[in-house]
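As structure tokens, the structure follows; a few thoughts come after it.
Bear in mind these aren't lab numbers, they're just calculated from the coordinates by the rules spelled out. Everything quoted here is computed from the prediction, not taken from an experiment. Positions of Cβ are backbone-derived with ideal geometry, glycine not excepted, and every protein chain shown enters the neighbour counts.
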Amino acid sequence: MNSINSIIDLNKHPINDLNYIQKCNSLIKKNSLLVLENFLLDNSLKNILNEAKQLEGKAFYCEQQHTVLLSKQSDSLDKKDPLNRLMTSDKGCVPHDLINQRSDLNTLYNSDIFKSFIIKILNLDKIFPYADNLSSINLNYYQKGQQLGWHFDNASFAITLMIQSSTQGGEFEYITEGRDSNANYIDKKLISDVIDGKSDPNLLDVSEGTLILFYGRNYLHRVTPVQSDTPRILITLNYNEENHIELSENARLTFFGRIN
Ligand SMILES: O=C(O)CCC(=O)C(=O)O
Ligand SMILES: [Fe+2]
């Protein structure tokens, strides 16, 4: 198994250095998200891309209609209510159990240094993998025409690794205001304006090998439809703040087409 020295560019991103950790911690506080470009070494990015291409045929594709809070539309709420409008998401997903145990992705995900970095920059106590065998690491494929509609995540934070950007479309758009789930606050007017294109979201141009951390539960975000024949391939590294948590069976069926 490779060590993280051959996966992460530790010269650019010395994630075990206290000063660097503090810098990242301040940056995420200031900007509400952290973008670490060229996080992966070229060779590791190449290996992961090869792996992702080999697994592409095994991806499970799903199309969903969901509200911005990732729920079904409610009959008791106005269909025009910003929290009850339907968004479309469609993408392919390869779950964790199909990823080679010796893959750089598993080494990175399980690395104590990497986990400690995440814990410190996000001010968490501990993080744990999912208890089911599908949800911890996911490879996401957005083919031409596919997208992720506007939504807030269920998980409080998200960690993504861009492996292949689409050459047209497939852009990550987000706003950092609009919701404070701890305070039970949600700004429907802003959400409505963003969905309707009356208020401009931030746009992130993400290059291959970039690691992104963001507070997806409080940020309205989406991936615009991919317009190129080159699919957008993005890895999500999914951790929990509590141990022994499984993704719900319903969500596993939706995203992976199976429960285990
Ligand atoms: O594909 C991305 O960049 C974001 C993914 C995302 O928002 C999600 O999986 O909830
Ligand atoms: Fe999301």
Name the shape class, rounded, prolate or oblate, that the alpha-carbon gyration tensor gives for the range 45-127, where a ≥ b ≥ c are the square roots of its eigenvalues, rounded holds for a/c under 1.5, and otherwise prolate holds if a/b is larger than b/c and oblate otherwise. oblate
Let me have the 222 nm mean residue ellipticity of the chain computed from DSSP H runs of 4+ only, each contributing -39500 (n - 2.57), with the sum over all residues rounded to the nearest 500. -7000 deg cm²/dmol
In whole angstrom, note down how far apart the Cα centers of the range 142-184 and the range 224-238 are. 11 Å
State, in angstrom, two size descriptors of the range 4-256 derived from its alpha carbons: Rg to one decimal place and Dmax to the nearest whole number. 17.7, 55
Given unit charges at Cβ for Lys, Arg (+) and Asp, Glu (-), the dipole magnitude of the chain about its Cα centre in debye, nearest 20, is 60 debye
Shape of the range 10-62, Cα gyration tensor, a/c cut at 1.5: oblate
Per-residue counts of other Cβ atoms within 10 Å, averaged by peptide: what ranking do you get for 135-148, 246-259, highest first? 135-148, 246-259
Express the relative contact order of the range 110-260 as a whole percentage, based on alpha carbon pairs under 8 Å and six or more residues apart in sequence. 43 percent
With the cut-off at 1.5 for a/c, could you classify the range 134-260 from its C-alpha gyration tensor as rounded, prolate or oblate? oblate
Farthest toward the dipole's positive end in the range 4-256, which of F255, Q168, L237, given Cβ charges of +1 (Lys, Arg) and -1 (Asp, Glu) about the Cα centre? Q168
Provide the percentage of antiparallel DSSP beta bridges, counting only those with both residues in the chain; round to the nearest 5. 100 percent
